[in-house]
Structure formats: C-alpha cells, structure tokens
Amino acid sequence: MFMQLLDSTIVNTALPAMARSLGEQPLRMQAVVVSYALTMAVVIPATGWLADRFGTQRIFSLAIALFTAGSIACAASATLNQLIAARVLQGVGGAMLMPVGRLVVLRAFPKEQFLEAISFVAIPALVGPLIGPTLGGWLVEVASWHWIFLINVPVGLIGIMASQRYIPNFLAAKPGRFDLAGYLLLAVAMVATSLALDGLSGLGWAHTLLVLLMVLGLAALAAYWLHALRSPAPIFSPALFTMQSYRVGLLGNLFARIGSGAMPYLLPLLLQLALGYSPAQAGMLMLPVAIAGMLSKRAATGIITQWGYQPVLVSNTLLLGAMIASFALMGPDQPLWARIVQLALFGAINSFQFTAMNAVTLKDLAPQQAASGNSLFSMVQMLGMSLGVTCAAALLVAFSNWFSDGGGHGLPVFRAAFVAIGVMTMGSAAIFWQLEQGRHAVPTRSHAVDDV
C-alpha cells in the first residue's frame, strides 16, 4: 500500500521533467496519470473473484510482481507511448493490491479486531501521500525522473518475499462463475467514455470519433444495466442501488472526486510552469495539503455525528468547490505564508470530504453486500480520479487556445481552469442534497476505505 500510494502521488510533481526528457508538451502528460487510474478502475471489478478462485496469497503476490515489473518498464521508457503502456501494466497490479490486501485482513481477523487491524494497515496510506510529492521533486533534481519508479523495486521484492511467507492463501469454497459478459460491458463503457473525454484534451482526434466513443460508452453502460437485471449473479447487483445512502453516496463520490482528482495534477503544474518553482520546491509545498488532511480526520467523526451527513456534505462540498476556485487568486506576489495557509485549508476540507463521502456510501451495506458494494465503490473512486485529470487537461487546452498565450503555460489559463473545476465541484452538492436528513453515528466500516 505504501508503494502504491507513494507512486500515485510522486508522479504528479515529476510530470514537467518527464515531458522535457521525452520531448513532449507538459499539458499532454495527463495520459501518464489517466492510463494508470483508468486501468485500475477497469481491473478492480474482477479482483474479488480472482482472489476467491486462485487464493489471496497468489493474487496478492502476482499484484506486487506486476506493479514492480511495471515500475521497471516505466523507468526504461524512452517515449510517451512506452511510458503509457508501462503505466497500464502498473495499473493492473495496483488494482489488485489494495482490494485483495483489505480482503486478507477482513478474513484473517475476527470482527472485534478488524477495525484495529485495518487501521494499523492503513498507516502507510497516510505516509505515502505525505512524502510522495516532496520525494518526487527531490529525486527529479538530484537524479532523474526514472528514479521515482525505480525506488519501487526493492519495496516490491521485499513485499513478494513477505507475502509468500506470511499471507494465508484464502480460497472460496464455491467462487461461482465469473460474469464475463457484464465485466466486458463495464470495461467498454469506462474505457470508451474516458477516451472520448481525453480526446478533448488535444489528442487531435476527429470530433466524429469522439462522438462515436461517447455513444459507445453510454450504450455499453445501458447494456450492462439491462444485463445485470436479468443475470442471476452480476458483478454489481442493481439491488445495491435500492439503498438511498449508497445510491446518492456513489454518484456524489463520482462527481465530487472529479474536482478532488484534478487538484494533484493541476497544482504541481501551476507551481512549476506558471509560478517558476523547482520540482523540489513544488513538492515541498504539497506537504501542508497532506499534513492538514491527516489532522482533519480526527474532527470529522464528531462533526458528522453532531450535524448529520446531509448538511455536512452539502456545505463541505460547496466549501471544497470554493476552495478549489480560490487557487485562481494565486500569483507571483502572493506571500509564502498565505500560499501555505491556502494549501493547508484545501487539504483539510478535501480530506474531510473524503471521510464523509466514504462513510455515507458504505454505512447501510449489509454483510452479504459488502464485497460487491466495496468493489464498485473502489472502481468509482479510481474512475473519478481519472475523469478529474482528463477534465483538467481538457480545460487547460481549451483555455490555452482561448487566451492564445502561445504555450498554454500562462497564469490566466490555470486561473480559468481552477474556477471551472471549482464550479463543477460545487454543482455536485446538489446530489448530496438528496440524502435523507438525520443524525446518525459514523460506522466503523467506513474507516477501511478512508485512505483515498
């Protein structure tokens, strides 16, 4: 988990240096992030069945091996296309790491010890994002961007050896048949829709192809829904959406995470391309975001318990959107202390948003729905992150052409993008408005996914 979350945060700071090395425009490098997140979203639905069929130890060891091999391939990449292919391989391994690791803990510990165990396991989830941006910026300056991937290799090798020795190989007595038709329909829906949106960010695809991809994605999604209604064992049962809290929480997560997912991509680019910070300096400025995010989690449970999910999520989503839009005020004359305070406030509000969204989505799941509901939730998390980076890149390209600043790196381009992303995020508050009002205790189960 440390290796995976370190990798997902360390890359953003290094994107401008990677672009220079590969001879690409920095604003075209979003595919490095999108390919990883989208691959994870596509593979996650199959992870539970694979673990049941082949055993948790085998799949977890395979996941670490694939992630490590993908890291080596990333470091060896000489072109952008090679790097994207290597990130896809990394994403296949990464998609299995967290869900299967969580499943091992779930099956290895009794219910009364589960919260303590999963909280201990989640500690690296807090450390990875804390040091990732800073370490990435430092490695780029003292060595090269290749080392942000090579540092995964020793961690991966130790992880494989430890998994072989310590992790039990839990198998399901009757794993059942895998819903291949439903899985393929979901995969086509996610990939086609994502590629259509990514085409808007300057890949040069014809508008006709983008429209066809979008229609294909929506048609595949509709076909999956019809398939799930008549299938005896779909990957994700439509019965999950009969729960109002899960239905609203899932949709709210998807759209609110577009704004949250765009920020780790936009902020390092703003600091380096528009404000002239070095990679190490940009990485250091991400520290207030992570530290404030860790500290805010302590207050989240009490506030939600006191006021209830609906008012908290509506108000915090509006506040998050306003906070994102406030980065349009960043400029070269802004005092450093004000910049740090602004970043820390965003980190606290963003982390609070994750805690509340995660809790409300999973709080009413029955035990027999936990595996399926958690997998769908994990998929939506990664899809939201992918769409966030895609939308941010498309906005940068669009505003770059609008302002005609020659390269798309000017401060007005970033300012317009932050305002647009902020308004989009505020719009998702209308989804959380649909929640039933009332004060409910925050369930302990939500902490299992509180790391992202």
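Figures for the structure shown
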| read-out | value |
| --- | --- |
| Scan of region 255-310 for residues that are of a type in the set (Ser, Thr, Tyr) and under 30 Å from residue 17 (Cβ atoms), ordered by number | 260, 265, 277, 278 |
| Flag if residue 102 is under 24 Å from residue 161 (Cβ atoms) and under 19 Å from the mean Cα position of the chain (by Cα) | yes |
| Search result, residues across region 59-113 that are touching a residue at least 12 places away in the same chain (Cβ under 8 Å) and among the aromatic types (Phe, Trp, Tyr) | 60, 67 |
| When residues of region 215-238 are limited to those that are in a helix (DSSP H, G or I) and open to solvent by 60 Å² or more (accessible area, probe 1.4 Å), the one farthest from residue 182 (Cα to Cα) | 215 |
| Unmet criterion (only one of (1) under 24 Å from residue 301 (Cβ atoms); (2) without any contact (Cβ under 8 Å) to a residue 24 or more places away in the chain) for residue 334 | (1) |
| Sole residue being within 25 Å of residue 150 (Cα to Cα), of a type in the set (Val, Ile, Thr) and over 22 Å from the mean Cα position of the chain (by Cα), chosen from 68, 79, 39, 56 | 79 |
| Total residues in region 327-369, condition among the aliphatic types (A, V, I, L, M), assigned to a loop (DSSP other than H, G, I, E, B) and within 20 Å of residue 266 (Cβ to Cβ) | 1 |
| Those residues of region 322-345 which are closer than 27 Å to residue 250 by Cα and open to solvent by 10 Å² or more (accessible area, probe 1.4 Å), in sequence order | 322, 323, 325, 326, 344, 345 |
| Test set (1) open to solvent by 20 Å² or more (accessible area, probe 1.4 Å); (2) touching a residue at least 60 places away in the same chain (Cβ under 8 Å) - residue 366 fails condition number | (2) |
| All positions within region 161-186 that are in contact with a Pro (Cβ under 8 Å, 6 or more places away or on another chain), in a helix (DSSP H, G or I) and open to solvent by less than 30 Å² (accessible area, probe 1.4 Å) | 182, 186 |
| Residue list for region 221-250, restricted to those being touching a Phe, Trp or Tyr at 6+ places or on another chain (Cβ under 9 Å) and under 21 Å from residue 431 (Cα atoms) | 238, 240, 245, 246, 247, 248, 249, 250 |
| So residue 148, is it open to solvent by 40 Å² or more (accessible area, probe 1.4 Å), part of a helix (DSSP H, G or I) and at pLDDT 75 or above | no |
| Failed condition for residue 113, given (1) modelled with pLDDT under 90; (2) buried (at least 18 other Cβ atoms within 10 Å of the Cβ) | (2) |
| Number of the condition not met by residue 197 [criteria: (1) modelled with pLDDT under 85; (2) open to solvent by 60 Å² or more (accessible area, probe 1.4 Å)] | (2) |
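The values are calculated or read from the model by the stated rules, or taken from the named source; none is laboratory data. Only a predicted model underlies this, so the values are computations on that prediction, with no experimental measurement involved. Here the Cβ is made from the backbone with ideal geometry for all residues, glycine too, and neighbour counts use every protein chain on show. The accessibility values were calculated without ligands, DNA or RNA, using every heavy atom of the protein model including side chains. Shrake-Rupley method; radii C 1.70, N 1.55, O 1.52, S 1.80 Å.
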